[in-house]
Every structure is written in structure tokens, then in C-alpha cells.
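Throughout, read-outs are computed from the coordinates displayed, never taken from laboratory work. Note that this is a predicted model, so its numbers are computed, not measured. Glycine also receives a Cβ, built like all others from the backbone with ideal geometry; neighbour counts cover every protein chain displayed.
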Amino acid sequence: MRRSTFCIAGTLGFILLAACFAGAQTLNIWPGIAPGSESWTQQERVDKLGSINIVANVVTPTLTVYLPEKSKATGTGVIIAPGGAFMFLSIDMEGHDVARWLQDKGIAAFVLKYRVRETPPGGIRIGAPASGRATAEPGAAGRGVAAPAAAGRGASSLNMEESGKFGIADGIQALKVVRRHAAEWGISPNRVGFMGFSAGAMVTTGTLLQEDAAARPNFAAPIYGGPFGTMPPIPANLPPVFLAWAQDDTLVGPMVVKFYDALRAAGYKPEVHIFSAGGHGFGMQKKGTSSDHWIDAFYYWMEAQGFTRPVTR
């Protein structure tokens, strides 16, 4: 990747900061301080959790924009929300790597760096390695406790509904920003999807299940995740939904099944891919299991929905 260079791209109702690297630009999604975090003082930091590149202490939510070559452009866009238990973001394998794959297929991609809980230095500890990806919670050194699973059992250590409210607000705002810039970015405002992983899947379902149907994405893909905690009401007129997880995902698998059952009970028929193996958090990792090809399945599903055919202008 080339060294980043920075350029001023102007403001259109909100602060736009462009980072011109590998054909991408990054912009703030709120016009000032993100609502609800006015008193936050934590410093964002880039770190590693095992071999995974992460971002912690996100205060200023952003979108990184990956636009395809015009000759390949389909007019479809996908917002991508990485996972990380609302304590950090797995920014590459569940974010930028996904975006580049979609960009190469002619799909505009937007990596959402949403707000997460404050994590002091040394506060993230690797846990539950058998789940297929290192997971964490603050101060959980040596306990092997994975935050999403603990929250699903009602543990007080991490209230996912409370922790996720800022990320969901950022997801809803990101969708507004992408649609506002649809013409500029060469996409249709009626072909904007939302994809998220683990906690990012909860951000995805937060945008999907909001009451205002016009504010929802045009399709959604919660990957090994969904609503953690109390199952929200399933509204009418949902757009197409794609679900994928692995059978050996003991961390959140049961909660994903619960969401799938709720969709079915409400009369929906989501696309479902349940891989025999892959654990939790496979993302763009190659693990030698059928989960390696989840993104191909997602693309073929988009093709069947008509989202890979170029928009007629």
C-alpha cells in the first residue's frame, strides 16, 4: 500500500477529511462531535490483538470510501461494519479487506469506523481462542471470557445493547451520508446495502430494523452476528437479508439462530449459509474450510437480487 497523503476535500454539511490512499478517501460522518460523546476524552489507538489489526477507543466515527473503476462500476454500494464486541474494531479482515474485494467486483464499499467503548491501555485481553478468533473483554486476562457470549448470558461485564447504541447511531448516520453522496460516488441511493460482522452485525441489524422503512438499507448482510440481548420487534417491509455463520461458532451461533427464527416467524425468507466449520470471526481469513468462500456466496446472492447488474442511466 502506498504511504497515505492527505488532502482537503471540502465540506458538504459536515466535515470532510480525505485520506487519499490506495484509491480511498476517509470522511467524518457527523458535522461535529458525534452526538452522545461530547464528554469523551479517550484517545483512539491502532493496535494488534494477536495477529489481528484493531482500532480501539474510537471517538470520531468515519467512513473510508472505496470506489470501483468506472468501467466496472455497478451502481451498488455496501457499508461495512467490522466486529470487535464494541470494544475495538477488527478494521482490516472485517473491514478494508472486504471493501477491496467488493471494489474489485465493481461494488462501491464504505468501511464504517464506529464508536466503541473506552478501553484503557492494557485493557484488552485475548480470550476464547478456540472460537476461531481472539475475542476480548476489559480486564479479562486469563479468564477466556468472550464479551458477546457473556452479554448473551446476561453477564454484567458487558451490556451489548448499551455498548452498541452509539455504533448503531453511527450506522444509521453513515447510511444517510452515503445516500447523500450517491450521485457524487456513482451509486444509486436505492442500491445501498449494509454488512457487518459480529458486533458490526448488530450495527447492521440496528439499521435494518429501524421503524422508518425509507431509512433502512436496501439489503443487509449480518455475518456471524445480529441483535445481541433482547430480540427487537421484526417490522414489516424489510429488504432482502443474507445471513452467514459457522456451525462450530459457539460464541454467537445460538443468538444468530434466534434472529433467523424471528425473521422466519415474521414471514421472511432470508438467504442463509451455515458453514460446517470456520468458528467465530472468520472474516477474510483463509482457514481451509468452506467458510473461506462466504463472500463468494454473498456476491452470487447479490447477483441473483440484481445488485451486480450496472444501473441503467
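Going by how many other Cβ atoms sit within 10 Å of their own, how do SER291, SER188 line up, fewest first?
Numbers: SER291 29, SER188 18.
Least to most surrounded, the residues fall as SER188, SER291.
For a test of the definition: using alpha carbon positions, the gyration tensor, and the 1.5 limit on a/c, classify the stretch 195-262 as rounded, prolate or oblate. Prolate shape, in that a/c is at least 1.5 and a/b is the bigger ratio. The modelled label-to-label distance between LYS70 and SER276, using points 7 Å beyond Cα along the C-beta direction, is 4.8 nm.
Sorting TRP245, TRP294 on the 10 Å Cβ count, fewest up front, what's the list? Before the final figure, lay out the partial values.
Numbers: TRP245 30, TRP294 23.
Exposure proxy ranking, most exposed first: TRP294, TRP245.
For LYS113, the lysines whose Cα comes closer than 21 Å to its Cα, not counting residues fewer than 8 places off in the same chain, are LYS48, LYS165, LYS176.
Charge tally for GLY32 (other residues, Cβ to Cβ under 15 Å; Lys, Arg +1; Asp, Glu -1): -1.
So how much slack lies between LYS286 and TYR300, counting 0.36 nm per residue of separation and subtracting their Cα-Cα distance, in nm? Please report the intermediate quantities before stating the final value.
Details: separation 14, 0.36 × 14 = 5.04 nm, distance 1.91 nm.
The span from LYS286 to TYR300 would gain 3.1 nm if fully extended.
Amide H contacts of TRP30: none lie under 5 Å away among residues 5 or more positions distant or on a separate chain (H built 1.01 Å from N in the peptide plane; Pro and chain starts excluded). Rounded, prolate or oblate, given the Cα gyration tensor of the stretch 259-313, with a/c below 1.5 counting as rounded? Since a/c reaches 1.5 but b/c is at least a/b, the shape of the stretch 259-313 is classed as oblate. Give the shape of the stretch 215-305 as rounded, prolate or oblate, defined through the alpha-carbon gyration tensor: a ≥ b ≥ c are the square roots of its eigenvalues, a/c under 1.5 means rounded, and otherwise the shape is prolate if a/b is larger than b/c and oblate if not. Oblate. Take the Cα of ARG180, step 7 Å toward its Cβ, do the same at ASP212, and the gap between the two points is 1.2 nm. Fully extending the segment from ALA265 to GLU161 would add 35.2 nm, taking 0.36 nm per residue of separation and subtracting the current Cα-Cα distance.
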